[in-house]
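Right, one structure below, let's go through it.
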Amino acid sequence: MVAHNLRIAAATFLVSTTLAFAASLDVTQRATAAGGTAGCGTTHLFNGITQYHSLTSGGRDRSYSIHLPSNYSETKPYPLVLGFHGSSSIGFFFEADTGLSGSKYSADKIMVYPNGVGGAWAGANYSEATVPEDLGFVSDLLDEIRAGWCIDNSRIYATGLSIGGGFVNTIACSEVGGQFAAFAAGSGSFYTDNSGVTGGCTPARSPIPMLEIHGGSDPDVHYAGGPGEGGVEPAIPDWLSWWAQRNKCPSNTTETLFNGDVQHIVWECNGVEGVLQHWKVDDMGHCWASTTLDFSEIAAGQGPTPIDASTIVMAFFDQFTKP
Ligand SMILES: *[C@@H]1O[C@H](CO)[C@@H](O)[C@H](O)[C@H]1NC(C)=O
Ligand SMILES: *[C@@H]1O[C@H](CO)[C@@H](O)[C@H](O)[C@H]1NC(C)=O
Ligand SMILES: *[C@@H]1O[C@H](CO)[C@@H](O)[C@H](O)[C@H]1NC(C)=O
């Protein structure tokens, strides 16, 4: 019911913003910026204000919202970050929860928040879209964004929460993942990657940067794995060890912080430090970690956490460029 009302609100917003989008395309100003995509040279209106768009993918009506820096320049190729919401949610909520459109996090990035079918992403036993359908949507979405906006193709990233984090991993384990520079999941439910190094995961390259943040006290997506709401989830240490093998990371170091509440594990992969990273917050539940109380922390019935996922994820992305 909540998700249904959200879709109505989103649809209302769609109508009011479609006209704005149509007006914002100015094909007469096309020019190519060095290293940028076909969308370089296209001017846009209402920069700094999140706008809702729709597209058709695999015969389905799909949608997303996009946030440009307020000083967006159509001749400058920007890093692109896709942010995938959790279950029973929409992109606008993930945007509000994480604050990722704020200039503190993305003054020089384009943020895109795709919407899942039925408020979820593929991979769970309750998902309405199949894995090929949602991966096709990601591919079609990237094509549309590259054609309409000025994107640095070597700096495309994906992050997400809960099933959105799980879907980020599904992308990383697929051919479509080859278009991305790095991935980061918060409280991820890895339904499609629960059976070993090669079971259900064929990354497009190795190493492929991956970061995960998880609460040691998550009551929904248990740190120790097991049956979850939408299927069987791997134990987080097992899942990390699979990525360590996929990424050829022979060694790791653990940094213990905040009086032992937080453990930061960093792997060296193929000679590169930090390609695989994990943050475990012992007393954290199922949420997007934030040092200032966010909506998912309120919903999880807890206070702010010692670490800030949005800061950690964006700093992680800044270290990596697609080879
Ligand atoms: C936009 O503002 C940000 C943050 O102040 C700055 O880093 C960036 O260079 C500016 N971009 C342009 C195109 O002026
Ligand atoms: C989904 O999987 C979970 C965990 O295996 C199980 O408890 C639940 O009954 C399943 N639901 C459906 C609709 O299959
Ligand atoms: C870190 O590396 C050690 C030594 O290879 C290994 O035993 C341990 O399982 C690794 N830690 C994690 C969390 O995978």
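Identify the residues of segment 225-249 with backbone N under 12 Å of a label point that sits 7 angstrom from the Cα of V197 along the Cα-to-Cβ direction, or state none.
Only 241-249 fall inside the zone, counting backbone N under 12 Å.
Length gain on complete extension for the stretch F295 to A224, per 0.36 nm per residue less the alpha carbon to alpha carbon distance?
Details: separation 71, 0.36 × 71 = 25.56 nm, distance 2.50 nm.
Extra length available between F295 and A224 comes to 23.1 nm.
Can you tell me the relative contact order of segment 125-226? Whole percent, Cα pairs under 8 Å, sequence separation 6 or more.
23
Quick one: angle between helix 163-172 and the longest Cα principal axis of the chain, in degrees between 0 and 90, rounded to 10, please.
80
Over its Cα atoms, what ratio of radius of gyration to 2.2 N^0.38 Å does segment 187-236 give?
So the Cα radius of gyration is 1.19 times the expected 2.2 N^0.38 Å.
Using all alpha carbons of the chain, what is the percent of pairwise distances in each 10 Å bin, ordered from the shortest bin to the longest?
That works out to 6, 28, 37, 22, 7, 0, in percent per bin.
Just round it to a whole percent: the fraction of Cα-Cα distances in segment 259-323 exceeding 19 Å.
Percent of Cα pairs beyond 19 Å in segment 259-323: 40.
Would you mind telling me which residue in D61, D193, D282 has the biggest mean-square fluctuation in a Gaussian network model of the chain, where springs connect alpha carbons within a distance under 10 angstrom?
So, out of D61, D193, D282, the one fluctuating most is D61.
Roughly what would the spin-label model give for D283 and T311, points 7 Å off Cα along C-beta, in nm?
1.9
What angle, in degrees between 0 and 90 and rounded to the nearest 10, separates the Cα long axis of helix 236-246 from the longest principal axis of the Cα atoms of the chain?
70
Considering only V112, V197, V221, give the residue with the highest GNM mean-square fluctuation for the chain, with springs between Cα atoms whenever their separation is below 10 Å.
Greatest mean-square fluctuation among the candidates belongs to V197.
Over segment 113-174, what relative contact order in percent results from Cα pairs under 8 Å that are six or more residues apart?
It comes to 31 percent, rounded to a whole number.
Which of these, I312, I110, I66, has the largest mean-square fluctuation under a Gaussian network model of the chain (Cα springs below 10 Å)?
In this elastic network of the chain, the residue with the biggest mean-square fluctuation among I312, I110, I66 is I312.
Rounded if a/c is under 1.5, else prolate if a/b is larger than b/c, else oblate: which is segment 180-323, with a ≥ b ≥ c the root eigenvalues of its Cα gyration tensor?
oblate
Distance between the C-alpha centers of segment 128-191 and segment 281-323? Whole Å please.
Measuring centre to centre over Cα atoms gives 19 Å.
On C-alpha positions alone, give me the angle between the axis of helix 2-24 and the longest principal axis of the chain, in degrees, nearest 10.
40
Tell me the mean residue ellipticity at 222 nm calculated for the chain from its helices only (DSSP H runs of n ≥ 4, each -39500 (n - 2.57), averaged over every residue, nearest 500). List each step's numbers first, then the result.
Details: 8 runs with 89 residues, N = 323.
Mean residue ellipticity, 222 nm, calculated: -8500 deg cm²/dmol.
Scattering from the C-alpha atoms of segment 40-136 alone, worked out with Debye: what is log10 I(q)/I(0) at q = 0.10, 0.16, 0.23, 0.24 1/Å?
-0.29, -0.70, -1.16, -1.22
State the cysteines of the chain left without a partner when partners are defined as other cysteines whose beta carbon lies under 4.7 Å away.
C287
Where the only charges are on Cβ atoms (+1 Lys, Arg; -1 Asp, Glu), what is the dipole of the chain about its Cα centre, to the nearest 20 debye?
Working: 14 positive and 31 negative charges, 176 e Å.
Its charge dipole is roughly 840 debye.
Whole number please: convex hull volume per residue, Cα atoms of segment 211-294, in Å³.
Measuring per residue, one finds 100 Å³ for the Cα hull of segment 211-294.
Pull out a ≥ b ≥ c, the square roots of the eigenvalues of the alpha-carbon gyration tensor of segment 104-222, then state rounded if a/c is under 1.5, prolate if not and a/b is larger than b/c, and oblate in the remaining case.
Cα axes put segment 104-222 in the rounded bin.
Where a number appears in this text, it was derived from the coordinates with a stated rule and is not lab data. From a predicted model like this one, the values you see are computed outputs, not experimental measurements. Positions of Cβ are backbone-derived with ideal geometry, glycine not excepted, and every protein chain shown enters the neighbour counts.
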